[in-house]
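*Asks:* I'd like to ask you about the structure that follows.
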Amino acid sequence: MEKAKDFYVGFLGFSVDSEHYFAENTPAYLQVSRAGLTLHLSEHHGDACPGSTIFVWMTGIEEFHREITTKGYKYLRPGIEKTFYNSKCVEVIDPFGNRIRFNENILPESDKA
C-alpha cells in the first residue's frame, strides 16, 4: 500500500478518499481521486487483471505533465507523446505494471483561439 500511495498520491497528486481493511492483516481497498477522476485500488486477489490500461480524457495535460515531472519521482519520467488519434498523451506505469494514459485532444488550428 505504501508503494501505491507514493505513486498515486505523492507522484500523481491524487487524494485518498477512503482506505478499508476487512480485518487486521487483510488486503487493503483504497479510493483515490483527483479533479473528478476516481480510482479504486485493491490488494484483493481477483479484483482486477494486473497490467491493465486505463484511458483518461483530460484538459491541461501540459500543466499536469509539468507538475508531475518536477516532483522528481525516481522510478518514472513520462513524456508527452502525440498520438495517431490526434491527442497529446502522458502515459504512466504504476509500480504494479498498470498503465494510465492521460489524453487531451489537439484542436485543429482553425479551432484555436
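Since every read-out is calculated from the coordinates, none of them should be taken as a lab result. Predicted model, so just to flag it, every value in this text is computed and none were measured. We place every Cβ from the backbone using ideal geometry, glycine too, and count neighbours over all the protein chains shown.
*Asks:* Can you sort ILE80, ILE68 so the residue with the fewest Cβ neighbours within 10 Å comes first? Mind showing how you got there, number by number?
*Replies:* Details: ILE80 16, ILE68 19.
Placing the least packed residue first, the sequence is ILE80, ILE68.
*Asks:* Might you report the magnitude of the Cβ-based charge dipole of the chain about its Cα centre, with Lys and Arg at +1 and Asp and Glu at -1, to the nearest 20 debye? Walk me through the intermediate numbers first.
*Replies:* On the way: 12 positive and 16 negative charges, 75 e Å.
Roughly 360 debye, rounded to the nearest 20.
*Asks:* Then there is this: When DSSP beta bridges are limited to those with both residues in the chain, what percentage is antiparallel, rounded to the nearest 5?
*Replies:* Numbers: 21 of 26 bridges.
Given both bridge residues lie in the chain, the antiparallel proportion sits at roughly 80 percent.
*Asks:* Which value at 222 nm does the chain reach when only helices count, each DSSP H run of 4 or more adding -39,500 (n - 2.57), with the total divided by all residues and rounded to the nearest 500 deg cm²/dmol? Could the numbers behind the result be given before it?
*Replies:* On the way: 2 runs with 13 residues, N = 113.
That comes out to -2500 deg cm²/dmol.
*Asks:* Calculate the radius of gyration of the Cα atoms of segment 2-107 to one decimal place, then report Dmax, the largest Cα-Cα distance, as a whole number, both in Å.
*Replies:* 14.6, 51
*Asks:* Hey, which of these cross-link pairs are over 22 Å Cα-Cα: LYS5/LYS71; LYS3/LYS88; LYS3/LYS74; LYS3/LYS82?
*Replies:* Working: LYS5/LYS71 15 Å; LYS3/LYS88 27 Å; LYS3/LYS74 13 Å; LYS3/LYS82 29 Å.
Those over the limit are LYS3/LYS88; LYS3/LYS82.
*Asks:* While we're looking at this one, here's another question. Calculate one ³J(HN,Hα) per residue across segment 14-23 by plugging θ = phi - 60° into the Karplus curve 6.51 cos²θ - 1.76 cosθ + 1.60, and present them in order as whole Hz with x for glycine and proline.
*Replies:* 6, 10, 7, 8, 7, 9, 10, 10, 5, 7
*Asks:* Counting other beta carbons within 10 Å of each Cβ, put HIS40, HIS65, HIS45 in order, fewest first.
*Replies:* Values: HIS40 13, HIS65 17, HIS45 6.
The most exposed by this proxy come first: HIS45, HIS40, HIS65.
*Asks:* Would you mind computing, in nm to one decimal, how far apart the modelled labels at ARG66 and THR38 are, each placed 7 Å from Cα along Cα→Cβ?
*Replies:* The modelled label-to-label distance comes out at 3.1 nm.
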